[in-house]
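One structure is given here, and the rest of the page talks about it.
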Protein chains: 2
Amino acid sequence: MAEPAGISSLTLNRLSVYLRCLRQLQDSDVTHVSSSQLAQQFELSAALIRKDLAQFGEFGIRGTGYRVDDLVESLIKVLGLDRAHNLAVVGLGSLGSALARYLSINDKPFRIVAAFDVDGRKVGHKIGHLTIHHSREIREIIPQTGAQIAVLSVPESAAQRCYDDLADCGIKAVLNFAPVQLKQAPSVRTKSVDFQINLEELAYFLSS
Amino acid sequence: MAEPAGISSLTLNRLSVYLRCLRQLQDSDVTHVSSSQLAQQFELSAALIRKDLAQFGEFGIRGTGYRVDDLVESLIKVLGLDRAHNLAVVGLGSLGSALARYLSINDKPFRIVAAFDVDGRKVGHKIGHLTIHHSREIREIIPQTGAQIAVLSVPESAAQRCYDDLADCGIKAVLNFAPVQLKQAPSVRTKSVDFQINLEELAYFLSS
DNA sequence: ACCGACTTGTGAACGATCTCACAAGCACGA
DNA sequence: TCGTGCTTGTGAGATCGTTCACAAGTCGGT
């Protein structure tokens, strides 16, 4: 497509936002849109939209703007959402289960292919059509499943151990929900989604 | 304490991380720590730790480092975690319930004082010791509860409507979990925690 | 075929954020 | 009391991210 040189997280995250907004336009049967229209409607920056997109190619038509369908398709390709991604979910507490449920509903490109927990009452049972394995079997089972991404939703105390196991057995990316500062493995792309930190930021603003 | 001039989100989020790390040291009975020790042990930047802290005062002792207990206490004060914060939870699907449960377990400074959902089967029932109200009563009930922060975990289609209601009835901060680009109210400090965007970022790196 | 209205893509200015490197300061022992 | 060794707090510089402003390009009407 274009130049896959070091793209920043911020740009990538905005691409996801753009894609989301464009899909909303598709639903309203809008066929063409300019960067400034997008910016106004969704409270974004027009210049930034153009700069972000420019890093991957020329998707627009000068004088006209962007064809919504085309841009959606391009963004899907850029983000790698045109192929399936196999996920492993580790930790099926209430949060892990909620995430698993969410991922099953969506016919998105993400598909759960393995599930793990330490709770003896859960192991052996099914979540959807998937058997839950004990977390100590991570290293053994993951390689058989083709999972490349893991969703880590275990308690703080277990997070680092599970993370290391995942890294060891060839997982390429981890989305971590545990409120800990993980010691990262160089072979694993790691992102944390931290509820608590965000809440604490809001607390700061309310007491100042 | 010190200067409450425009502190960036990045700094604030790191303060939460530092606090977390320091508490871990407390648990290991470490009493003193230097910025470089912290940095090494938790994969942070020593200079950045000092710069971040310096924005709020002088907490360290030259030649010695920081007293762990003192710094924990200072950070708690800075972040506003020394007083209680009342939360409203809107949307009690699997994610909302998981969050509510998490917030109840922790004797943290966050306390749920109101809960809302649109599901008739849930309204009137209890979550913990709290009665669930219908979402259409948000404007009426929130002011009676003293809630200043709302956790928004409703489906995409309802998010903007609930957000506007919350803004209207005096909520000062919203932590949004719905995968939408919200049209923000100027009176409300808003943060989004977006699972999907983070997953898509990981997908990008796996297919490039 | 040309003009005018519009939009993209992009260098250059600006601003925010992080790293470097060191002066200022503290603790401890001689 | 002084010197050594260590660490903080901080200006100065480097890097990264965003906004500005405009040349280059497209379209539709005349």
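The values are calculated or read from the model by the stated rules, or taken from the named source; none is laboratory data. All figures in this text were calculated on a predicted structure; none of them were measured in a lab. Cβ coordinates were reconstructed from backbone atoms using ideal geometry, including for glycine residues, and neighbour counts include every protein chain displayed. These accessible areas exclude ligands, DNA and RNA; they are computed on the full protein's heavy atoms, side chains included. Shrake-Rupley method; radii C 1.70, N 1.55, O 1.52, S 1.80 Å.
Those helices (runs of 4 or more DSSP H) of the range A:1-81 in which 3 or more residues are within 14 Å of DNA strand D (Cβ to nearest atom) and surrounded by 14 or more Cβ atoms within 10 Å (Cβ to Cβ) occupy A:9-27, A:35-42, A:46-54. A:ALA84 meets the conditions (1) within 25 Å of B:VAL154 (Cα to Cα); (2) open to solvent by 20 Å² or more (accessible area, probe 1.4 Å); (3) among the hydrophobic types (A, V, I, L, M, F, W, C) in every case but one. The failed one is (1). Screening A:LEU92 on (1) within 14 Å of another protein chain (Cβ to nearest Cβ); (2) open to solvent by 40 Å² or more (accessible area, probe 1.4 Å); (3) within 19 Å of the chain's Cα centre (by Cα) shows it passes everything except condition (2).
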